[in-house]
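Shown next, in structure tokens, is the structure this report addresses.
The values are calculated or read from the model by the stated rules, or taken from the named source; none is laboratory data. Just so it is clear, the structure is predicted and the values come from calculations on it, not from any experiment. Note that we place each Cβ from the backbone using ideal geometry, even for glycine, and neighbour counts take in every protein chain shown.
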Amino acid sequence: MSVPLVDPKQLKRIRLRLGMTQAELARASNVSQSLVAKLESGHVDPSFTTMKAISQTLRAQIQSEGRKASDIMSKPVLSVQSNTPLSECVNLMRQKGISQVPIYSGQKVLGSVSETQIVSLLSGASEPKPLLATPVARFAEASFPIVDADTPVDALYSLFDFVPAVLVASGEEIVGIVTKIDMISADVR
């Protein structure tokens with residue numbers, strides 16, 4: 001089974017939510033405690049192999065068998081309307097500590113926008129102010145997949161190889177969102 005990689009910026013928060021010390025995480029991941037400390041403080045860029053080992057260790061701490069998407073989803077879904085200026089979307093993401101949001105047009109999911117995409121847009125802009133004033137719908141990427149609230153958690157893992165989030169529906173209504181951090185910390189709630 002493929003394991004989504006932990007965002008190094010989220011490592012400390014996840015580790016603490018799981019009740020693990022740096023030493024415990026290091027020992028179980030076969031890395032040094034000092035490397036874990038450096039990763040958490042942002043003083044070192046991790047290798048893929050290191051983050052894979054740490055992600056697998058954190059996944060092993062989670063007993064998700066039998067859990068459903070509705071058991072681990074975050075709610076309410078933080079989203080933006082299609083006419084929201086990109087700057088307001090950025091402010092929401094910063095204030096709430098989230099890295100992606102769905103874009104709605106009324107009650108209908110139109111698409112999504114991520115911090116990776118926004119950074120790419122800004123890095124290519126000679127003047128960011130007009131870009132930031134533009135409605136977010138202009139930059140909409142594909143919508144996050146929508147799964148039923150009863151979808152087993154284990155069935156969601158393969159989706160995270162391709163998308164950063166999954167919307168959860170009950171009937172026709174979107175009732176929550178599952179992100180990588182929700183998957184990794186599934187049993188901490």
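Selection of region 11-27 for residues being at pLDDT 90 or above and surrounded by 16 or more Cβ atoms within 10 Å (Cβ to Cβ) yields Gln22, Glu24, Leu25, Ala26.
When region 1-26 is filtered for residues that are of a type outside the set (A, V, I, L, M), without any contact (Cβ under 8 Å) to a residue 24 or more places away in the chain and within 26 Å of Asp154 (Cβ to Cβ), only Glu24 remains. Flag: Thr134 matches the condition of being at pLDDT 90 or above, in contact with a helix residue (DSSP H, G or I) (Cβ under 6 Å, 6 or more places away or on another chain), among the hydroxyl-bearing types (Ser, Thr, Tyr) and surrounded by fewer than 16 Cβ atoms within 10 Å (Cβ to Cβ).
Going through Ser112, Ser105 one at a time, which residue ends up being over 30 Å from Gly19 (Cα atoms), buried (at least 18 other Cβ atoms within 10 Å of the Cβ) and out of contact with any Lys or Arg (no Cβ under 9 Å at 6 or more places or on another chain)? Working first, answer last.
Details: Ser105 fails: buried (at least 18 other Cβ atoms within 10 Å of the Cβ).
Going through Ser112, Ser105 in turn, the sole match is Ser112.
Among the candidates Val109, Val168, Val163, single out the residue that is out of contact with any helix residue (DSSP H, G or I) (no Cβ under 9 Å at 6 or more places or on another chain), outside the structural domain of Gln56 (by TED's automatic domain parsing), among the β-branched types (Val, Ile, Thr) and touching a residue at least 40 places away in the same chain (Cβ under 8 Å).
Val109
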